[in-house]
Amino acid sequence: MASAASQEPSKKCWNCFVRLPLEVTQCYSCRKKVGDINEHGIARKPLDWLGYTLAIGSTSAFVYYIWWLFLHYNK
Ligand SMILES: [Zn+2]
């Protein structure tokens, strides 16, 4: 009888739940980035630092632009 501890080393994509080897960083099926396995056997969704930084950068550029317009229209 096989022991319950000998599970296949695989994780599931957090997006489409396809089975993936533990070492992959991108889902074969949906092309989403996948991180480490969590306690439920699901790959974590990794933090998208580039997207996060770009979002903050474009938002602050927009706010700065509005502020700049505001200053010039009040002179
Ligand atoms: Zn997927």
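Every read-out reported here was derived from the displayed coordinates using simple, explicitly stated rules and does not represent laboratory data. Owing to the predicted nature of the structure, the values given are computational and were not obtained by experimental measurement. Please note: Cβ atoms are built from the backbone with ideal geometry, for glycine as well, and neighbour counts cover all protein chains shown.
Using Cα-Cα distances under 8 Å and only pairs 6 or more residues apart, what relative contact order does the chain have, in percent?
20
Output the 0 to 90 degree angle, nearest 10, between the alpha-carbon long axis of helix 49-73 and the longest principal axis computed from the alpha carbons of the chain.
Tilt relative to the chain: about 10 degrees.
Taking the Kirkwood radius as the inverse of the mean 1/r across Cα pairs, report the Rg/Rh of the chain.
With Rh from the inverse mean 1/r over Cα pairs, Rg/Rh is 1.39.
Given the Cα-Cα distance of residue 74 and residue 19 and 0.36 nm per residue of separation, how much length would full extension add, in nm?
That pair, residue 74 and residue 19, stretches by 13.9 nm at full extension.
Roughly how big is the chain's charge dipole about its Cα centre, with Cβ charges of +1 (Lys, Arg) and -1 (Asp, Glu), in debye to the nearest 20?
240
Using a Förster distance of 35 angstrom, determine the FRET efficiency expected from the C-beta separation of residue 56 and residue 10, and round it to 0.05.
0.50
If amide H atoms are built 1.01 Å from N in the plane of the peptide, which residues on other chains or at least 5 residues away come under 5 Å of the amide H of residue 37?
44
Work from the charge dipole of the chain (Cβ charges, +1 for Lys and Arg, -1 for Asp and Glu, about the Cα centre) and give the residue of 18, 47, 65 farthest towards its positive end.
Highest projection toward the positive end goes to 65.
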